[in-house]
1. For the range 157-191, which positions are under 16 Å from ASP20 (Cα atoms) and among the β-branched types (Val, Ile, Thr)?
2. Looking only at the range 18-48, how many residues end up being under 28 Å from TYR182 (Cα atoms), hydrophobic (A, V, I, L, M, F, W, C) and part of a helix (DSSP H, G or I)?
3. Looking at GLU16 and the list (1) charged (D, E, K, R); (2) exposed (fewer than 15 other Cβ atoms within 10 Å of the Cβ); (3) under 21 Å from GLU168 (Cα atoms), which single condition is not satisfied?
4. Collect the residues in the range 96-111 that are of a type in the set (A, V, I, L, M, F, W, C) and within 14 Å of ASN196 (Cβ to Cβ), keeping them in residue-number order.
5. Consider GLY110 against the criteria (1) assigned by TED's automatic domain parsing to the domain that holds LYS174; (2) at negative phi: it satisfies all of them except one. Which criterion is unmet?
6. Quick one: which helices (runs of 4 or more DSSP H) sit completely within the range 49-93 and have at least 1 residues that are within 19 Å of ALA13 (Cα to Cα) and in contact (Cβ under 8 Å) with a residue 60 or more places away in the chain?
7. Assuming ALA117 fulfils every condition listed in (1) under 30 Å from LYS37 (Cβ atoms); (2) at pLDDT 95 or above apart from one, which condition is it?
8. Which of the residues that make up the range 12-48 are closer than 27 Å to VAL72 by Cβ and touching a residue at least 60 places away in the same chain (Cβ under 8 Å)?
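The values are calculated or read from the model by the stated rules, or taken from the named source; none is laboratory data. From a predicted model like this one, the values you see are computed outputs, not experimental measurements. We place every Cβ from the backbone using ideal geometry, glycine too, and count neighbours over all the protein chains shown.
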Amino acid sequence: MAFELPPLPYDYAALEPTIDKQTMTLHHDMHHGAYVKNLNAAIEKHPELGKKSAEEILRDLNSVPEDIRAAVRNNGGGHVNHSMYWKIMKPKGGGDPTGPIAQAITKTFGNFKDFQAKFNDAGAKQFGSGWVWLASKGGDDLHIMSTPNQDSPLSQGHYPIFGNDVWEHAYYLKYNNRRPEYLAAWWNVVNWDEINTRYEAFKSGKTVLEPAMSHR
């Protein structure tokens, strides 16, 4: 059983001008595609892992055989992180959050603008490649965190409600070294409906079925 690269839920050019077509094509087809290929290659050495979802594997990395653990951490994380990333963006997205996630952000951070500023700051300060997240450990907990490389919050016991990719391949063709500019623009394509789906599923104790969980 092999993991598959999920198709984009929109056209490669659909997020322009925020994210350009060339970046989306390379990011999805080449970068995410490589994570899937490398994850499958690692799992082939221990086929029993193929019975689990990528999320289940990442939640218990210590149980992954040591000879493939680093490959699974990097490529499994890349697969799960990106499968989320494509879905939490959409054409003509953005604006202020609505629904339960808007209420939770206001309760925790005071207002959306203050949250947005803190989230962007954490993303700008992430040294090197990585991600910035809005995550939860359960209940009413809501916090901003960052992770290096393709590390998933799942491996640290946190649920990623949503996150932004701050690897250079996510923004460099359009924004060059101006990561803060990319972080600020990214909110114009955020899909709050999908984020609310993820948040409500987590609050109710259900698993959000990412494309990363599906096998061929």
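1. VAL166, VAL189, VAL190
2. Number satisfying all stated conditions: 5.
3. (2)
4. ILE101, ALA102, ALA104, ILE105
5. Unmet for GLY110, out of (1) assigned by TED's automatic domain parsing to the domain that holds LYS174; (2) at negative phi: (2).
6. 77-87
7. Only one criterion in (1) under 30 Å from LYS37 (Cβ atoms); (2) at pLDDT 95 or above is unmet by ALA117, namely (1).
8. Correct list: THR23, LEU26, HIS27, HIS31, TYR35.
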